[in-house]
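Take a look at the structure set out below.
We did not get these values from a lab; they are worked out from the coordinates using the rules stated. Please read these numbers as outputs of a predicted model, since none were measured by experiment. Note that we place each Cβ from the backbone using ideal geometry, even for glycine, and neighbour counts take in every protein chain shown.
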Amino acid sequence: MARTMFISKGGLPVRKVPHYMVVGECEWLNSWYEEGAAVKIHISAFNTDTLSFSYGDLFPTFSPKVDDGKEYRGNIYTYKEMVQLIHKYGLPQVWNKEGTKGPERYIEVQVWDDEPLQISRIKGE
């Protein structure tokens, strides 16, 4: 479903299934692990045509159980669209740090290409 929606918006997935990542650091996700940590990769390392986004985790974003009428439910976004949503709403890990304002705790990014995640590319070798 996410892949089909992404392609319909002009996305260019290379992979059949994405790698799942998060925009910005999320303390809540880090807390799941005894020694949680974050990996930071600058957006310039990616071809943004191979990135799709959901405002919140993909599963609650598309769940029929989450019916709160928020405009970003049930949608996949391109990079440009997500930048606009972030300007409008901010990062969920900031405004919903405790998880009391809905299921969105972070912005999920679906990375549809292996190339930008190659360790030599990340290290800049």
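Per-residue ellipticity at 222 nm from helix content only, as computed over the chain with -39500 (n - 2.57) for each DSSP H run of at least four residues, stands at -6500 deg cm²/dmol. Report, ordered by chain and residue number, the lysines lying within cross-link reach of Lys88, taken as a straight Cα distance under 26 Å and ignoring same-chain residues fewer than 8 apart. Qualifying lysines at Cα under 26 Å: Lys9, Lys40, Lys65, Lys70, Lys80, Lys97, Lys101. Considering the values (1) 14.6; (2) 17.0; (3) 15.3, which represents Kirkwood radius over Cα pairs in Å as calculated for the structure under consideration? From the options (1) 14.6; (2) 17.0; (3) 15.3, the structure gives (3).
Ranked for footprinting exposure by Cβ neighbours inside 10 Å, fewest first, Thr61, Thr4, Thr78 give Thr4, Thr78, Thr61. Peptide packing: for 102-112, 87-97, 25-35, the average count of neighbouring Cβ atoms within 10 Å per residue gives the ranking 102-112, 87-97, 25-35, highest mean first. Restricting the trypsin sites (Lys or Arg not before Pro) of region 1-65 to loop positions (DSSP other than H, G, I, E, B) with no more than 16 neighbouring Cβ atoms within 10 Å leaves Lys9, Arg15, Lys16, Lys40, Lys65. So what are the ³J(HN,Hα) numbers for region 69-82, from phi and the Karplus equation (6.51, -1.76, 1.60; θ = phi - 60°), rounded to whole Hz, Gly and Pro as x? Ordered by residue, 3J(HN,Hα) equals x, 5, 4, 8, 6, x, 9, 10, 10, 7, 4, 4, 5, 5 Hz. Sequence-ordered 3J(HN,Hα) estimates for region 96-105 from the Karplus curve with 6.51, -1.76 and 1.60 and θ = phi - 60° stand at 10, 3, 8, x, 8, 10, x, x, 6, 10 Hz, glycine and proline given as x. Sequence-distant contacts, meaning Cα pairs under 8 Å at least 6 residues apart, place the relative contact order of region 2-123 at 40 percent. Fewest-first ordering of Ile76, Ile41 by other beta carbons within 10 Å of each residue's beta carbon gives Ile41, Ile76.
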